């Protein structure tokens, strides 16, 4: 009799576990087509983005008639002294700016400012969108 009760309890557990597996199914969502278009546009924009938030060093900014020439000269001077560091000339109305480096942290950028302070005394750290760091093996 005791074996019979144990057998019945085990069968009840087996039926309960088996019953839970049967409710697996598929969910269909009904949505406007414009939502799908918006999601696809969002995916495309994020695939194109090849920058991340970070820091750069602003070594030159000027507005005026000769500001572009000054920015190009500043870039040439910088790349001659630091050929391994990226240099960007940017026009943000009304100034031409020369930004250098792609630093992930403010501390990295400040360390580099100390290295270039003798040559570029007006250099300061700014938040900017930076390029992905190059992977070295």
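The values are calculated or read from the model by the stated rules, or taken from the named source; none is laboratory data. All values reported here derive from a predicted model rather than from experimental measurement. Cβ atoms come from the backbone with ideal geometry, glycine included; neighbour counts cover every protein chain shown.
A few notes on this one:
- Residue 81 over 26 Å from the mean Cα position of the chain (by Cα) and free of Cβ contacts under 8 Å to residues at least 40 places away in the same chain: yes
- Within the stretch 86-107, considering residues that are surrounded by fewer than 15 Cβ atoms within 10 Å (Cβ to Cβ) and farther than 28 Å from residue 65 by Cβ, the one farthest from the chain's Cα centre (by Cα): 107
- Exclusive hit being loosely packed, with under 14 Cβ neighbours inside 10 Å, touching a strand residue (DSSP E or B) at 6+ places or on another chain (Cβ under 7 Å) and modelled with pLDDT of 90 or more, set 124, 78: 124
- Residue in the stretch 100-122 that is part of a strand (DSSP E or B) and more than 17 Å from residue 51 (Cα to Cα) present: no
- Test: residue in the stretch 61-70 that is assigned to a helix (DSSP H, G or I), in contact with a strand residue (DSSP E or B) (Cβ under 7 Å, 6 or more places away or on another chain), free of Cβ contacts under 8 Å to residues at least 24 places away in the same chain and surrounded by 13 or more Cβ atoms within 10 Å (Cβ to Cβ): no
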